[in-house]
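Data first, discussion second: the structure below is written as structure tokens.
The numbers here are math on the coordinates, done by the rules we state, and not lab data. Please read these numbers as outputs of a predicted model, since none were measured by experiment. Using ideal geometry, Cβ is built from the backbone for each residue, glycine included, and neighbour counts are taken over all protein chains shown.
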Amino acid sequence: MFINNFFLFLLLLPKSIYEKMGVNTHHLKAILTTKLMMDERRPPSIQQRQKKKNAKPIKWATLGTMIMSALLGLFFIISFFISNDTVTQFFLFFTFFIFLLASTLITDFTNVLIDIRDNAIILPKPINDKTFLLARLFHIIIHVSKLVLPMTLPSLITVGIKYGSWGVVTLILLIPPVTLFTIFLINALYILILKVSTPEKFKNIISYFQIVFAIVIYGSYQIVPRMINMSVLENYRFPQTSISLLAPPFWFAGSWEFLYHHNYSIIIICAFILSIIMPALSIWIVIKYFAPSFNQKLAMISGSDTAESVNQSKAIASSTKKTFAEILANLFTKKGAERMGFLHAWYITARSRDFKMRVYPAIGYLLVYMVIMILRSRKDMLQELQNQTTSGKFLFLGGIYFISFVIMQALSQIKYSDKYKASFLFYTTPISVPGQVISGAVKSSIIKFYLPLAVLISLFGILFMGIQILPNLLLGMSNQLCICFLIAYVGFVEMPFSRTESITVKSGGFIRGLISMLIPFILATVHYLIFDYTVAVLILLALSMIAVWLVAGSVYNKNWTDLKVGYQD
Amino acid sequence: MIQNLSSFIYIYPYYLIPMEPIIELKGVFKNYGEKPVLKGINLSIDAGQVIGYIGPNGAGKSTTVKILCGLISDYDGKVTVAGIDLKEDPVAVKRKIGYVPELAELYDVLTPVEFLGLMAELYDIPKIVATERIHKMLTAFGLEANMNNRMDTFSKGMKQKVLITSGLLHNPDIIILDEPLSGLDANSVIIVKDLISKLAKDGKTIFYCSHMMDVVEKVSDRIILINEGQVIADGSFTELQAQQGNESLEKIFAHLTATSSLGEAANDLMKAFD
């Protein structure tokens with residue numbers, strides 16, 4: 001709260017000037033104090049995808065946001081050590097800055113930058129327009145400052161050490177225009193998406209953007225340092241040609257060069273002019289053209305009444321025509337509760353933003369790890385796979401067993417839902433064996449999250465290692481299925497989509513963790529040891545398939561007394 | 001002999017045969033942690049009755065409903081539905097009950113057709129029958145244009161209509177309605193009220209839980225008033241009037257449950273401006 005009060009104090013210092021402008025400073029302070037208090041209780045955008053319903057109330061969100069921004073800002077320092085050329089260094093810095101700020105602000109846009117709740121709460125009150133506008137402007141300034149200041153702090157220190165105080169002053173001068181330009185970019189992006197999509201799709205696009213953002217940030221941290229070949233980059237120079245002027249980060253990098261090194265080449269002067277004109281122009285465009293229709297469009301997003309059709313052509317009369325999900329359900333499940341569980345899980349995992357936000361980033365992180373694994377292995381990877389050398393086998397089995405973590409992630413999340421109260425349907429309908437619903441949901445997750453990757457790895461394996469790899473492939477997959485059902489058996493002590501994440505179930509937690517980590521490792525090790533002995537592989541395959549049949553049966557037959565968690569009210 | 005017996009059954013007045021209550025609660029207790037919510041509820045409800053189950057906030061209405069529907073199973077006492085002990089065979093009880101919950105909580109990424117289709121599957125309704133019934137019921141509620149639209153864009157009233165449909169889909173003997181009119185528009189309220197009367201005429205037992213006293217007064221054969229986990233009044237509206245003076249149900253409710261005078265509370269509120 002201290003940080004908010006500090007910003008508030010600073011902005012309200014010229015009180016008398018505001019009053020002369022016709023602003024009611026009491027109202028201004030009241031609105032800002034409330035808005036900042038609300039921000040304090042909202043999870044930082046960076047952590048929003050992990051937010052939990054009924055979780056502990058958020059406190060110190062400002063401090064959290066600032067620390068997180070500073071940590072992300074540490075990443076920018078790398079720009080100042082990559083090349084010897086300052087334009088290149090600052091080009092990279094401003095690229096990172098624009099990307100990160102835009103990504104962070106994108107999720108905050110409806111909450112902070114254009115707060116549509118104002119329309120219902122503040123506008124009907126007797127507050128004059130000037131006070132209202134200034135409150136909104138100050139709120140945006142404070143919010144953006146809380147992100148930008150810590151984000152740039154590590155870089156300012158680095159620039160101070162490398163280029164002295166004038167280097168820092170120059171950079172500080174360039175931060176406001178680049179921030180304004182970034183805000184314009186997001187604004188333009190929002191308008192563009194709203195033009196080409198429905199409000200419902202808009203929400204999905206923003207969610208996907210958040211997922212991609214999380215994966216890109218994680219991937220950059222993990223992969224970029226491994227890929228950088230310093231000796232090559234040291235001599236790299238970003239080309240200073242007229243085409244470079246199309247890249248906004250170059251305008252600001254050029255300006256720094258202009259102000260610090262007094263470089264007066266034509267391209268640098270053009271960049272300097274653009275760095276002043278473009279932010280000013282962009283803000284003018286926002287105010288003049290974007291803002292008027294923007295609130296109205298954003299209001300549509302929050303309270304959209306335009307129903308999105310899932311499949312209008314799927315008329316109820318034509319129920320004989322089966323959907324893809326129904327075909328799969330008929331293939332892999334028994335009629336009744338299991339089929340219902342399958343379809344229910346299939347639809348929800350496909351459509352629920354909440355589920356996607358929890359599962360897809362984690363799957364993305366795992367894929368990043370896979371990329372790292374491939375990068376770490378030697379370049380003649382394909383050759384090694386073909387020859388089935390030790391590292392070739394290791395890579396192949398690593399690929400097969402590693403994807404179990406993907407399905408584990410999905411399985412661990414299908415018990416949760418932000419609409420957990422809707423699970424009344426499982427408890428009030430005559431389901432005699434709840435395991436049937438669970439089994440359907442598990443099979444649905446396996447087919448959706450595991451099967452595509454398994455098919456991919458199978459094709460890859462057969463292509464590079466030949467058809468003789470089939471027994472090993474089948475054993476790997478059978479073991480995977482065994483792990484999945486084992487996790488479902490131990491881990492599912494409730495109905496699918498029936499819990500909030502805040503409820504922790506003590507029983508089975510340790511065993512679940514053990515199975516999740518240890519069993520894939522043990523099975524992969526055993527598999528590695530018998531890899532070359534086809535007979536042993538076939539025997540183990542038979543045993544594994546029997547185990548799958550037994551464990552899947554146990555999941556299917558779970559009864560109400562096996563469930564530890566009832567309806568959560 | 002058999003012919004004589006069947007003709008006896010046919011001509012013997014139905015209401016003179018002693019009937020087993022369709023819902024019976026005997027000494028039902030329920031605590032949330034240390035806090036007692038139900039303190040020994042005893043109820044006996046006959047088939048075909050429309051029960052108005054009313055009480056102030058926190059009285060234990062929803063807890064009773066949740067016990068009956070199988071959402072809460074850790075209670076003390078005995079509950080039988082259609083002669084079946086709820087604890088012994090909850091699945092059989094659930095087949096007989098249709099439940100419409102209070103809040104329009106749904107997996108709203110589904111469409112009404114998908115949601116109701118899944119419900120039909122759980123009640124073992126043949127697909128052809130279910131499809132036709134879903135179509136007819138949604139059309140009656142004016143949702144035909146939205147049948148294949150995701151419910152996350154629905155208003156509260158539209159979701160409530162889907163929930164009512166889900167509660168009636170399997171044509172249950174007992175219908176438990178927890179604030180079914182919540183969020184419905186005026187026309188839909190008329191439809192639901194009319195529906196309750198028609199279902200009652202059809203021999204269904206309706207357990208109607210609500211705060212809307214005027215509606216309860218009109219639709220119920222019998223009104224049960226619960227306060228602080230205990231039944232404090234039970235009878236037809238006329239019987240309650242006879243006991244409490246010739247008042248409206250709203251006034252009877254206030255008289256029996258308010259801790260202080262409601263008029264005084266309003267006065268106290270007005271005094272805040274002085």
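Summary of values
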| read-out | value |
| --- | --- |
| Residue pairs, from the table A:Lys201/A:Lys322; B:Lys39/B:Lys193; A:Lys421/B:Lys61; A:Lys421/B:Lys66; B:Lys156/B:Lys201, whose Cα atoms sit over 23 Å apart | A:Lys201/A:Lys322; B:Lys39/B:Lys193; B:Lys156/B:Lys201 |
| Unit charges at the beta carbon, dipole of region B:17-261: most positive-side option, B:Ile226, B:Leu122, B:Cys69 | B:Leu122 |
| Modelled FRET efficiency - R0 35 Å, A:Tyr236 with A:Leu529, Cβ distances, 0.05 increments | 0.15 |
| Region A:340-376 versus region A:24-43: alpha-carbon centroid distance in Å | 38 Å |
| Calculated FRET efficiency for the pair B:Asp124/A:Leu74, C-beta based, R₀ 56 Å, to 0.05 | 0.40 |
| Net charge dipole size for chain B [Lys, Arg +1 and Asp, Glu -1 on Cβ; Debye, nearest 20] | 460 debye |
| Additional length obtainable on full extension of the chain from B:Asp185 to B:Asp89, 0.36 nm per residue less Cα span | 30.7 nm |
| Shielding by other protein chains, B:110-120, mean Cβ within 10 Å | 5 |
| Candidate aspartates and glutamates - alpha carbon under 20 Å from B:Lys127, same-chain residues fewer than 8 apart omitted | A:Glu326, A:Glu338, B:Glu114, B:Glu144 |
| Cross-link reach list, lysines versus A:Lys130, counting only Cα pairs under 28 Å and skipping chain neighbours closer than eight places | A:Lys15, A:Lys20, A:Lys29, A:Lys35, A:Lys146, A:Lys288, A:Lys297 |
| Linear extension gain, A:Ala536 paired with A:Phe460, 0.36 nm per residue minus alpha-carbon span | 25.0 nm |
| Extension gain, A:Ile157 back to A:Phe9 (0.36 nm per residue minus Cα-Cα distance, nm) | 50.7 nm |
| Ranked list, fewest to most other Cβ atoms within 10 Å of each Cβ, for A:Ser79, A:Ser498 | A:Ser79, A:Ser498 |
| Prolate/oblate/rounded call for region B:136-274, Cα gyration tensor, a/c under 1.5 rounded | oblate |
| Cα centroid separation, region A:185-223 to region A:534-560 (Å) | 42 Å |
| Sum of side-chain charges, A:Phe9 neighbourhood, beta-carbon under 14 Å (Lys, Arg +1; Asp, Glu -1) | +2 |
| Per residue, the convex hull volume that the Cα atoms of region A:324-562 enclose (Å³) | 127 Å³ |
| Selected from A:Leu366, A:Ile431, A:Val535, residue furthest toward positive end of dipole (region A:324-562; charges at beta carbon) | A:Ile431 |
| Proximal aspartates and glutamates relative to A:Lys393, as straight alpha-carbon distance under 13 Å, when same-chain residues fewer than 8 apart are discounted | A:Glu384, A:Asp532 |
| FRET efficiency for A:Asn557 and B:Asn57, using Cβ-Cβ distance with R0 set to 56 Å, rounded to 0.05 | 0.85 |
